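Take this structure, written in structure tokens, and hold onto it; I'll ask about it next.
The values are calculated or read from the model by the stated rules, or taken from the named source; none is laboratory data. Note that this is a predicted model, so its numbers are computed, not measured. Cβ placement follows ideal geometry from the backbone for every residue including glycine, while neighbour counts extend to all protein chains displayed. Just so you know, the surface numbers come from the protein's heavy atoms only, side chains and all, with ligands and any DNA or RNA stripped out. Shrake-Rupley method; radii C 1.70, N 1.55, O 1.52, S 1.80 Å.
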Amino acid sequence: MHRAVATKMAEEVTRAASSEAVVTSSSRWAWPRALRWVPTSTDHIIAAEKRLLSLVKTPYVQEQVNIGSGPPGSKVRWFRSCSDESRFINTIIFDSKYNSPTLVMVHGYGASQGFFFRNFDALASRFRVIAIDQLGWGGSSRPDFACKSTEETEAWFIDSFEEWRKAKNLNQFILLGHSFGGYVAAKYALKHPEHVQHLILVGPAGFSSETEHSSEWLTKFRATWKGTIVNHLWESNFTPMKIIRGLGPWGPDLVRRYTTARFGAYSSGSVLNEGEATLLTDYVYHTLVAKASGELCLKYIFSFGAFARKPLLQCSSDWKVPTTFIYGYEDWMSYKGAQLAREGMKVPCDIIRVPQGGHFVFIDNPSGFHSAVFHACRRILAPHSETWDEPLPEGLTSA
């Protein structure tokens, strides 16, 4: 898995870095600043989010939840900031049937809650669905990122989420996280297990470290000039978002090509239609080119090759919450890390694989993804049922 990840990252980052350098240098004389940038702001992001969510039929409420300027009783303001300014978490809450269990959805790196637009209607039929933009992403506040360690960076996401939970007065809920959001959700559940009824990790990142999965190929690659450049860019916190910002007027077209080619690529009959692709591209562009904040967590959480600096695998024996892992068949995140973690867990743990889906399985195969989520939560959705041991829905497989 990690060789494929590293290869992909190496090619994209090296090529992108070169492109950014060329465009930036030439645009200094060819493009006035006003022409280089498509203006964006929190208002632009929320407007783009509203347009994307017009595809969703279930009524919802959007709000900015105040999480204050820092953890209560702490002398340290949010994320080493000297500002007393309050911070906000962009939140959407969908209408639901009375007494439905609450499902909180957390997006991954480089994403925002609107990425779940294909899932809200189906999930809201059985849950009280709440989706958030993590601090520093999407339409949430974007404080200056001043974290200097893995511990501080984890606290950025975990503590801000906990303050959001308090503000929303949520006592217990199902917590679903995708990719990097899965890493954050798992770390939150380890710290605050009393609030999480069930943990759903969708293609989660961060289960293994480089020392646990040493790669001869990666070692050799780092010794090459390309490897040296890519590793330097990684440790310098060079992010894909910097490329898009640097491309100026070409940025929207790059995002359009990415969303058109990427999302739904592994599906069968569920690829993005033209309307979905247009609205998603607009939304993704505005969320990516806004002020750099949460994106700068990357080098503190992972080393080059997507290896976790504080891997979840090492915490498996501390797991206190029943957990379900969901992977698309074509997910570049390997489900084998979940299998290793399950061996050390003392709580129920299932691993479900969904066909016709990649890393964004909830976009690639929405119906299969929904079936997996409903199955994972069957004990909560039907607490008095005697069919808890029912087999997986057709098409899904267990790992």
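Give, as a single signed number, the net charge of other residues whose beta carbon lies under 14 Å from the beta carbon of Lys50, with Lys and Arg counted +1 and Asp and Glu -1.
Residues near Lys50 contribute -4 overall.
Excluding Ala186 itself, calculate the net charge of residues whose Cβ lies under 14 Å from the Cβ of Ala186, where each Lys or Arg counts +1 and each Asp or Glu counts -1.
Net charge around Ala186: +3.
Could you tell me whether the stretch 232-311 comes out rounded, prolate or oblate from its Cα gyration tensor? Rule is a ≥ b ≥ c as square roots of the eigenvalues, rounded for a/c under 1.5, then prolate if a/b exceeds b/c, otherwise oblate.
It comes out oblate by the Cα gyration axes.
Also: Tell me, what is the per residue accessible area of the stretch 264-399 in Å², probe radius 1.4 Å?
42
I would also like to ask the following. Could you look at the stretch 101-140 and say what percent of its accessible area is carbon and sulfur, using a 1.4 Å probe and all protein chains?
Solvent-exposed carbon and sulfur of the stretch 101-140 make up 49 percent of the total.
Could you tell me what percent of the DSSP beta bridges with both partners in the stretch 212-358 are antiparallel, to the nearest 5?
Given both bridge residues lie in the stretch 212-358, the antiparallel proportion sits at roughly 25 percent.
If you add up the charges near Phe369, with Lys and Arg at +1 and Asp and Glu at -1, over every other residue whose beta carbon is less than 12 angstrom from its beta carbon, what do you get?
Net charge in that neighbourhood comes out at 0.
Further, regarding this structure: From the backbone phi of the stretch 335-341, what are the Karplus-calculated ³J(HN,Hα) couplings (6.51 cos²θ - 1.76 cosθ + 1.60, θ = phi - 60°) in whole Hz, Gly and Pro given as x?
Working through the residues one at a time gives 6, 5, x, 5, 4, 5, 5 Hz.
When only DSSP loop residues count, what trypsin sites (Lys or Arg not before Pro) in the stretch 267-375 have their Cβ near at most 11 other Cβ atoms within 10 Å?
Taking the stretch 267-375 and a limit of 11 other Cβ atoms within 10 Å, the loop trypsin sites (Lys or Arg not before Pro) found are Lys346.
For Ser317, put the label point 7 Å out on the Cα→Cβ axis and report which residues of the stretch 343-364 keep their amide N under 19 Å from it.
343-349
So, one more: Work out from phi, with θ = phi - 60° and the Karplus expression 6.51 cos²θ - 1.76 cosθ + 1.60, the ³J(HN,Hα) of each residue of the stretch 320-329, listed in order in whole Hz, and give x for Gly and Pro.
These are the phi-based 3J(HN,Hα) values: 10, 10, x, 9, 10, 9, 10, 10, x, 4 Hz.
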